[in-house]
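Below is one structure, written out as structure tokens, with a few remarks after it.
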């Protein structure tokens, strides 16, 4: 059963469809609330939405995924629908996210930083259990090569467009 009803979807100030734009928007949102960009390593996102008035956010992906944060040796599973209420430095009322603790999967309900920020993230379960980890573990570096490749591709498209718009020059062909 989905927590995102048609009423919630209608109230949302932003709704996006498609993996590429949803990936970008989820990273932007994490930056906006000053949390690491690698907290939500989702794949094949079909829809994401944000209600800026209430802070309610949802991300729907095609299927559940399990991600390993290798630096801390933790497995985290993200369900097909992840919802939360966000504000600066906090993700509250989180659903759809579980972490492996010893032999059991534990749901997470809150992720937050200290105020003022200390570089530590706190992860809390509904049962009151919590763990802390360095925020740096959840930062994914954006490769400069990727940005440079995108800029190069954009420049190539401009050249192609300009060449198509320019009048064709006469070419003389000589036979030997």
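The values are calculated or read from the model by the stated rules, or taken from the named source; none is laboratory data. Because the structure is predicted, anything quoted here is derived from the model rather than measured. Neighbour counts run over all protein chains shown; Cβ positions are idealised from the backbone, glycine included.
Worth pointing out:
- Per the conditions (1) under 21 Å from residue 134 (Cβ atoms); (2) in contact with a strand residue (DSSP E or B) (Cβ under 7 Å, 6 or more places away or on another chain); (3) crowded, with 17+ Cβ neighbours inside 10 Å; (4) in contact (Cβ under 8 Å) with a residue 24 or more places away in the chain, the sole criterion not satisfied by residue 97 is (4).
- For the stretch 65-78, the tally of residues that are in contact (Cβ under 8 Å) with a residue 60 or more places away in the chain and part of a strand (DSSP E or B) stands at 1.
- In the stretch 108-151, residue modelled with the lowest pLDDT [restricted to those that are part of a helix (DSSP H, G or I) and surrounded by 11 or more Cβ atoms within 10 Å (Cβ to Cβ)]: 149
- Boolean, residue 41 is without any contact (Cβ under 8 Å) to a residue 12 or more places away in the chain, surrounded by fewer than 17 Cβ atoms within 10 Å (Cβ to Cβ) and either assigned to a loop (DSSP other than H, G, I, E, B) or in contact with a helix residue (DSSP H, G or I) (Cβ under 8 Å, 6 or more places away or on another chain) (or both): no
- Residues that are crowded, with 16+ Cβ neighbours inside 10 Å and under 29 Å from residue 116 (Cβ atoms), drawn from the stretch 68-78: 69, 74, 76
- Set side by side, the residues 46, 81 differ, and just one is touching a residue at least 40 places away in the same chain (Cβ under 8 Å), in a strand (DSSP E or B) and surrounded by 13 or more Cβ atoms within 10 Å (Cβ to Cβ), which is 81.
- Some residue of the stretch 50-64 being part of a strand (DSSP E or B), surrounded by 17 or more Cβ atoms within 10 Å (Cβ to Cβ) and touching a residue at least 60 places away in the same chain (Cβ under 8 Å): no
- Scanning the stretch 84-94 for residues that are assigned to a loop (DSSP other than H, G, I, E, B) and surrounded by 15 or more Cβ atoms within 10 Å (Cβ to Cβ) yields a single hit, 89.
- Qualifying residue in the stretch 15-32 (condition: crowded, with 16+ Cβ neighbours inside 10 Å, within 23 Å of residue 122 (Cβ to Cβ) and either touching a helix residue (DSSP H, G or I) at 6+ places or on another chain (Cβ under 8 Å) or touching a residue at least 40 places away in the same chain (Cβ under 8 Å) (or both)): yes
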